[in-house]
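No value in this document is a laboratory result; all are computed from the given coordinates. Just so it is clear, the structure is predicted and the values come from calculations on it, not from any experiment. Note: ideal-geometry Cβ built from the backbone for every residue, glycine included; neighbour counts use all protein chains shown.
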Amino acid sequence: MFVSVLDLFKVGIGPSSSHTMGPMVAANAFLNDARHFVDSNPDTDNYHVRCTLKDSLAYTGVGHATDRAVVLGLHGYLPDTIIDENMDEVIDRTWNSKTITISDSIEASFFSEDDIIFDTRNSLKQHPNGIVFELLNSSGGLLHSNTYFSIGGGFISTLAEIDNIEAPIAAEPSSAYPFPFDNSEEMLEMSKKHNKTIWEMKLANELENLPEEILNLELDKIWNAMKTCIERGLTTEGILPGGLNTKRRAKKLHENLENDLENTSTNDWLCAYAMAVNEENAAGHMVVTAPTNGAAGVVPATLYYYYKHKAATIDQIRQFLLSASAIGSLIKTNSSISGAEVGCQGEVGSASSMAAAGLCAARGGTSEQIENAAEMALEHHIGMTCDPVKGLVQVPCIERNGFGAVKAYTASSLSLRESGEHLISLDQCIDAMKRTGLDMSHKYKETSLGGLAVSFIEC
């Protein structure tokens with residue numbers, strides 16, 4: 001399946017792509033859906049809207065701001081339209097409102113405290129991030145309903161879509177593009193056959209939908225958003241919201257490195273940059289899904305290090321993003337990037353694999369070396385659980401992004417010193433990650449019912 005670089009990397013808000021951005025998009029989609037229903041049924045009045053969050057969204061929805069995201073979506077906001085707003089003012093106004101506007105002359109009653117239901121008992125078999133929206137009449141009778149699934153990275157699927165697609169992901173067939181690869185084996189064969197790099201093939205595919213000038217502008221916007229997010233995180237301090245009293249650390253860490261340059265290492269800088277992003281994410285500020293919010297620091301940190309310390313050119317930055325997205329699309333198509341579905345191996349593991357591939361490509365690696373780098377980085381995240389303390393994207397998530405960036409850089413460097421030959425292919429590694437995720441208990445898949453989440457005791 002074809003997944004665009006502009007879909008994998010999306011500008012939005014924290015703290016979670018699957019639990020914040022996806023539900024906001026779903027709520028907005030239902031608002032439009034309800035508008036169409038009302039237009040077709042003008043005789044009904046006194047509408048009422050209800051939202052039920054299922055499974056992982058119910059368990060960790062409060063900590064991930066899922067309830068606030070639903071409210072924002074039902075009031076017409078989307079992740080990319082709210083980033084320039086005063087978030088506190090918007091949330092205060094919408095959260096306390098008792099109605100939503102369906103169309104110019106029609107409103108529906110909806111009060112966040114009463115009409116968002118956290119259902120941890122009744123699962124939906126298709127995906128652990130299910131959301132059911134209902135449009136009711138004044139007597140509580142059901143007029144219209146739609147079920148959405150937030151499948152990771154800010155992507156959503158409807159019930160009809162998720163039952164009829166693979167991965168699950170709604171996307172165009174790769175066969176519609178000049179270089180149609182759905183796995184790494186096909187990718188390497190095409191690269192060899194056509195004497196093209198991975199980023200060149202990805203670029204050719206993207207140009208089927210957009211002129212190169214527009215694509216470059218969009219890639220530059222993504223990079224500038226990543227860069228801005230890091231630099232904001234490096235200059236901000238304080239306590240992150242949510243009740244854990246987690247201190248921002250990136251600013252002081254960065255200052256310490258700047259004042260002790262002789263004793264710094266690549267790992268130090270990567271951790272500072274990654275933590276800066278994920279502290280911004282935890283604060284609910286602007287981030288870029290890369291491929292998710294929970295893993296939003298890995299790719300930007302790796303790329304920013306190459307830009308800041310190795311003077312990466314704009315062409316290398318674009319090559320990095322295109323190569324990383326090629327790997328991300330393989331993982332998303334053949335496994336999952338959702339922590340609620342396969343654990344954190346699908347989030348930070350995928351991000352580390354993407355970053356390793358992107359950096360290897362920008363440094364001039366062959367297609368075989370790039371695939372090897374991607375495999376190594378993912379391989380060393382297999383089995384990683386998603387166990388956020390108090391359902392917040394803070395502990396262990398913030399530090400974990402730093403370690404993901406370190407593994408990405410290490411995998412890139414190691415692969416560049418070798419031929420690209422290796423025992424386990426990226427395809428086999430992606431399959432192993434998927435099977436491991438399926439075997440993993442739901443306690444370790446973004447429910448905060450196991451692991452570190454139950455090791456923390458509040459005093």
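At a glance:
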item	result
Efficiency of FRET from Cβ geometry, S419 and I117, R₀ 51 Å, rounded to 0.05	0.35
Within the stretch 353-382, backbone nitrogen closer than 13 Å to the virtual label 7 Å beyond the Cα of K192 toward Cβ	367-369
Two-site label geometry, A176 and K247: point separation in nm, points 7 Å out along Cα→Cβ	5.2
Share, in percent, of DSSP beta bridges within the stretch 1-146 that are antiparallel, nearest 5	70
Selection of trypsin sites (Lys or Arg not before Pro), the stretch 52-141, meeting DSSP coil and at most 13 other Cβ within 10 Å	K98, R121, K125
Loop-located trypsin sites (Lys or Arg not before Pro) in the stretch 376-435, at most 14 other Cβ atoms within 10 Å (DSSP)	R417
Filtered GluC sites (Glu not before Pro), the stretch 68-156: DSSP coil and at most 16 other beta carbons within 10 Å	E85
Contour excess over end-to-end distance, with Cα ends at E255 and A311 and 0.36 nm allotted per residue	18.1 nm
Relative contact order (%) - criterion: Cα under 8 Å, at least six apart; region: the stretch 59-195	11
Amide H contacts under 5 Å for Y47, placed H, 5+ residues apart	S109
Normalised contact order of the stretch 171-225, rounded percent, pairs of Cα under 8 Å and 6 or more residues apart	28
Relative contact order of the chain, pairs being alpha-carbon contacts under 8 Å that are 6 or more residues apart, as %	19
Separation in nanometres of the label points that stand 7 Å from Cα toward Cβ, at D43 and V454	5.4
Under 18 Å from the N32 label point (7 Å along Cα→beta-carbon), backbone N, the stretch 325-351	none
Rounded if a/c under 1.5, otherwise prolate or oblate - the stretch 361-459, Cα gyration tensor axes	oblate
FRET efficiency, 1/(1 + (r/R0)^6) with R0 25 Å, evaluated for S97 and L143 via beta carbons	0.75
Three-way shape label, the stretch 16-162, alpha-carbon gyration tensor, a/c 1.5	oblate
Antiparallel content of DSSP bridges confined to the chain, in %, to 5	80
Hz values of 3J(HN,Hα) by residue in the stretch 122-138 - Karplus curve (6.51, -1.76, 1.60), Gly and Pro given as x	10, 7, 10, 5, 6, 6, x, 10, x, 9, 10, 10, 10, 9, 10, 8, 5
Residues K443 and S109, FRET efficiency given R0 of 25 Å [Cβ-Cβ distance, rounded to 0.05]	0.10
Fraction in percent of alpha-carbon pairs per bin - 10 Å, the stretch 33-80	20, 41, 28, 10
